Amino acid sequence: MTPFTLSDLDALVADRARTPSEQSYTTKLLQGGPAKAAKKLGEEAVEAAIAAVQGDRPGLVAEAADVLYHLLVLLRASDVSLDDVMAELGRRTAQSGLAEKASRRPA
């Protein structure tokens, strides 16, 4: 069995964005724009954190999948590519985590 990747999921989200369907949850989220996608991402992230704190491994696996999916939908709704995010991660790993974090501008 070929492993399913984040890039595969991103391609599915992109396909749904190109060919909207009334039956598609992805289409519904994208039609709501970044605000709707961001709201769902936040909800799923909280659920993942709760599952982790409770030691609910199956719950965390399920919620982590939801987080990744909703993050990709948010990126698509915001016109940010997964490649851009991966490039940023690549840039950050070129130095130690503490040095990289210290080099960021204060938010």
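Evaluation of ASP10 against the conditions (1) surrounded by 15 or more Cβ atoms within 10 Å (Cβ to Cβ); (2) without any contact (Cβ under 8 Å) to a residue 40 or more places away in the chain; (3) of a type in the set (D, E, K, R) shows that the sole unmet condition is (2). Restricting attention to region 49-70, the residues being surrounded by 15 or more Cβ atoms within 10 Å (Cβ to Cβ) and touching a Leu at 6+ places or on another chain (Cβ under 6 Å) number 2.
Is there any pair linking a residue in region 41-57 that is without any contact (Cβ under 8 Å) to a residue 12 or more places away in the chain to one that is surrounded by 13 or more Cβ atoms within 10 Å (Cβ to Cβ) and not aromatic (Phe, Trp, Tyr), with Cβ under 6 Å and at least six apart or on different chains, and which? Here the result reads ALA52/LEU60, each pair linking region 41-57 to a residue that is surrounded by 13 or more Cβ atoms within 10 Å (Cβ to Cβ) and not aromatic (Phe, Trp, Tyr). Only one of the numbered conditions (1) exposed (fewer than 15 other Cβ atoms within 10 Å of the Cβ); (2) within 13 Å of the chain's Cα centre (by Cα); (3) of a type outside the set (D, E, K, R); (4) closer than 22 Å to ALA87 by Cα is not met by PHE4, and that is (2).
Taken together, the values in this text are just the output of simple stated rules run on the coordinates, not laboratory data. In this text, all values refer to a predicted model and were calculated from it rather than measured experimentally. All Cβ positions, glycine included, derive from the backbone under ideal geometry; neighbour counts span all protein chains shown.
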